[in-house]
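Written out below as structure tokens is the structure these notes cover.
The values are calculated or read from the model by the stated rules, or taken from the named source; none is laboratory data. Here the structure is a predicted model, which means the values were calculated and not measured. Methodologically, a virtual Cβ is constructed for each residue, glycine included, from the backbone with ideal geometry; neighbour enumeration extends over all protein chains shown. Just so you know, the surface numbers come from the protein's heavy atoms only, side chains and all, with ligands and any DNA or RNA stripped out. Shrake-Rupley method; radii C 1.70, N 1.55, O 1.52, S 1.80 Å.
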Amino acid sequence: MRGLLASSIGVTCAAALALPLTSPAAAARPASPASASTAFAGTASVSTAAGAEARGAADARGVADALREGRARDAAQAPGSTQSLPLAPLASRDRTLAPAAAEQGLPRRDVRHFSLVGVVWNDPDTVLHGSVQVRTRAVGADTWSGWQDLETHNDDAADPGTAERTSGRVHGATAPLWVGDSDGVEVRVRAEADRRTEDTARGSRTATASAPLPTGLRLELVDPGSSAPAPGTREAAPAAAPRAVAPHDTAPTVEPGAGPDAEPAAYQATLDADAANAGLAAPGATEIPELSRARTERELFSLRAGELTTQQRAKPYIGPRPRIVTRRGWGADERLRERSFVYTKKVKAAFVHHTASGNGYSCAQAPSLIRGIYRYHVKSMGWRDIGYNFLVDKCGNIYEGRAGGVAKAVLGAHTLGFNTNSMGIAVLGSYGTTKPPAAAVKAVARLTAWKLGLYGANPKGKTYLKSGGGNLYPKGKKVRLNVISGHRDGFATECPGRKLYGKLGSTRTTAARYQGR
């Protein structure tokens, strides 16, 4: 999204979240998708491979009836919202660092509940050279957090020249920061100071200048919304009583969930997202169950019978299909995204990302985090849907990302310049200095073994992709890449973090082994 950034700029992976260091839940995968509670109550949910035959016989019309019957319960659920607060110049505390014009922000204030925060600006091609920091107050608390940094170089984006990129709705943005349920915020944006020594008649002196900040800076406060608890899970404790919100000089723009008039379209969009996974799970399913190797091979011939190569027919190198939590499972509000799906020809490569998120989250929080990222990508940044094709939490749970079908070649917005004929997998966490959990690394290997296997790609091999334009390769250049690559292989970035990037070699070997190579 940053155009041609200088490669010397150290940037991290875009969908960066910084998570509160709360005591994580047990690292085992949840027995049921409590972490994947549906955003639409009263829908069908089948979560075991043993029920596959029953799911296959599910009546789509019955699911639609269940959706309609669930509307009354849906009304009691929070669909999520976004508060957008314009930033204003701040008086600089240190005049040697930056003049007031080069520092913008908001003083401490009470706001409506939010859990995810980011800063956006008008021009997606403008780079914010400087720092963005926020501090927040948790709901029910009187103390404030310390200052936390937001990653200013949000380098995941749709390719230049594509309809998604040129829609006129896209904004520049920091990566989002996860802060948990909060009702107070303070933010400061400070331009980078450039110091240089100048020789004068009276001797040398140090001059300080600052690059201008992007225009239209706004603070985005995202409430990812809630959804009905999955059967068998414990109800969450009631939220603390909200504080009275202080009046603002400039009233925030609040983007609420769609109203009753939008319900028919919303439910149809939900059914469309379900239908995109036809053949893998019944309409209304909150997860796609894992399959054995033999059943996966049979499914391959069913899904792509007319597209398989002679080699694939003779020896279908494909890993067993892993368990995948669907968009319905993590509570995607299908009213947010664009209705249509966009596909490329095939999936030749997988780009692995980390979310630079901090590692103190419990896996039960992952669906809420994903809902927050989704809303930020669409409502704040102007994308057509969440950018990633898949997300993986530290417990090894795999989540469907961009809508269109997990087995299909869905065009994402994850690796600027290389979204065509590829897929993006984002691991929730920060892995620059922290070793990634074995469960997450294994999940990436299992996912790539299956998805790349659908298209005949060898995880240990190389492939060519044509650059759509970026800061490493010019538009139109054919680039030879590993079939499983890190984000940094296609764009000048630190993503997916040094420690996770160091695991990609073993991931390729493991994925190939899952394919039977």
- Among Lys460/Lys503; Lys345/Lys478; Lys348/Lys394; Lys346/Lys462; Lys379/Lys451, the pairs whose Cα-Cα distance exceeds 20 Å are Lys348/Lys394; Lys379/Lys451
- Message: Quick check on packing: order 176-182, 164-170 by the mean number of other C-beta atoms within 10 Å, highest mean leading.
- Response: 176-182, 164-170
- Query: Using a 1.4 angstrom probe with every protein chain in place, what is the largest-first accessible-area order of Arg137, Arg109, Arg480?
  - Reply: Arg480, Arg109, Arg137
- Task: Could you pull the accessible area for Trp383 with a 1.4 Å probe, rounded to 10 Å²?
- Result: 10
- Message: With the crude spin-label approximation of a point 7 Å out along Cα→Cβ, what separation in nm comes out for Arg513 versus Ala294?
- Response: 2.3
- Query: Using a Förster distance of 41 Å, how high is the FRET efficiency between Asp194 and Ser167, based on the Cβ-Cβ distance and rounded to 0.05?
  - Reply: 0.75
